[in-house]
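What follows is a single structure, written as structure tokens, with notes after it.
The values are calculated or read from the model by the stated rules, or taken from the named source; none is laboratory data. Keep in mind it's a predicted model, so treat the numbers as computed, not measured. Neighbour counts run over all protein chains shown; Cβ positions are idealised from the backbone, glycine included. Note: areas computed on protein heavy atoms with side chains; ligands, DNA, RNA excluded. Shrake-Rupley method; radii C 1.70, N 1.55, O 1.52, S 1.80 Å.
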Amino acid sequence: MKKEIITKHKELVFSGVQPSSGQVHLGNYLGAMRRFVTLSAKHETIICLVDLHALTSVQDPDKLSENTLSLAAAYLAIGLNPEQVTIFRQSDVIEVCELCWYLSCFFPLGLLERAHAFKDVKAQNANVNSGVMFYPVLMAADVLLYRGTKVPVGADQKQHVEMMRDVAIRVNNQCGEIFPLPEPLIEESTGVIVGLDGRKMSKRYNNYIGLFEDAKSARKKIMSIVTDSKSVEDKKDPETCNVFKLYKLLATDQEVNALAERYRAGGMGYGHAKEELFQVYERTFGPMREKYNDWMSKPEELKVILAAGAKKARAVAHHTMALLRGKLGLGEIL
């Protein structure tokens, strides 16, 4: 059944990105964002700014709107081409809410209660809102509405993709082969992006480097990265150093090998390694910072791009819902 369903649908990469905070950071870029640019050059790609998901944690309307435009500007700054990629705001295609309800009627409650993400949030906050539990249903609606076949996610989101496959099978069994079974695209090679303190880079830990913050601020943060207490003269293991872990994700292979040799030879302090990291950081993100700031100075142009993307997405969504409504015995869209 799996092979038969997938072969009837064109390949489409769908990624939903939450505008739940302000400017994105280095971990966001290395862990996911740059991958979307690469994928979009090879596959039909949808980038959805999932502001409805963000409502579970962001309930200031001005902040949510600003975050959404900032996220759009970030993707354009790193090289996403809106003429090749459909980029839009989730809430501009309201059919996703309609499909979310239909899917919820096929979603076992126990499955939602067993979701790892929900249990983690609930353990940290007893007053968690219902939207957090419903998150996998809305995520499934995001992807299935556009009949996405590939979903780039981190390993912690794999369960959610399994859930959307499960609900797609349930709907298909009743309504016919409407939905493909989405496959998760998990990037194993990048691994966890370390922050300034050695933990996973996260705004929650305040250990991040903003992707587009000014050079002076970025350098100050890089110089604060936690290292061991070895002296300049000591030989050092590059693979255990937080500075080097970030450096090898940005530098060329030749640069990585050269710096690794300096670590192992001794005679180089961590301050020198941090300066090398700052140089490759600035080389990579300096031009992007200029583009980001330029886009942020043109919010109306950003809104036009998002509106154009929503128009394209809405046409697909309307077609999907027209098919499904009839299969469910509901009235036509008037």
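Being modelled with pLDDT under 95, outside any helix (DSSP H, G or I) and open to solvent by less than 40 Å² (accessible area, probe 1.4 Å) is the requirement here; does residue 128 meet it? So residue 128 passes the test.
Can you tell me which residues in region 300-334 are outside any helix (DSSP H, G or I) and either at pLDDT 95 or above or closer than 14 Å to residue 176 by Cα (or both)? The answer is 329, and nothing else. Contact map, region 194-219: first residue within 19 Å of residue 19 (Cβ to Cβ), second residue in a strand (DSSP E or B), Cβ cut-off under 7 Å, separation 6 or more or different chains; pairs are 201/25; 201/194; 203/25; 208/25; 210/25; 211/25. When 66, 98, 83 are screened for being not β-branched (Val, Ile, Thr) and not in a helix (DSSP H, G or I), only 83 passes. Number of residues in region 145-177 that are open to solvent by less than 20 Å² (accessible area, probe 1.4 Å) and touching a Ser or Thr at 6+ places or on another chain (Cβ under 8 Å) equals 4. Comparison of 68, 45, 86 shows that the only residue that is polar (S, T, N, Q), in contact with a Gly (Cβ under 6 Å, 6 or more places away or on another chain) and open to solvent by less than 40 Å² (accessible area, probe 1.4 Å) is 86. Please specify each residue of region 284-310 satisfying the condition of being in contact (Cβ under 8 Å) with a residue 12 or more places away in the chain, over 16 Å from residue 67 (Cα atoms) and open to solvent by 80 Å² or more (accessible area, probe 1.4 Å). Of everything in region 284-310, just one residue is in contact (Cβ under 8 Å) with a residue 12 or more places away in the chain, over 16 Å from residue 67 (Cα atoms) and open to solvent by 80 Å² or more (accessible area, probe 1.4 Å), namely 291. If you take the residues of region 226-244 that are of a type in the set (D, E, K, R) and part of a loop (DSSP other than H, G, I, E, B), which of them is farthest from residue 268 (Cα to Cα)? Only one residue tops the list, namely 228.
The requirement of being aliphatic (A, V, I, L, M) and surrounded by 16 or more Cβ atoms within 10 Å (Cβ to Cβ) is not satisfied by residue 226. Pairing each residue of region 118-134 that is over 18 Å from residue 160 (Cα atoms) with any residue that is part of a loop (DSSP other than H, G, I, E, B) and among the β-branched types (Val, Ile, Thr), provided the two are 6+ apart or on different chains, yields C-beta distances under 8 Å for 129/56. One residue stands out among those in region 135-168 that are without any contact (Cβ under 8 Å) to a residue 60 or more places away in the chain and among the charged types (D, E, K, R): the one that is farthest from residue 99 (Cα to Cα), which is 156.
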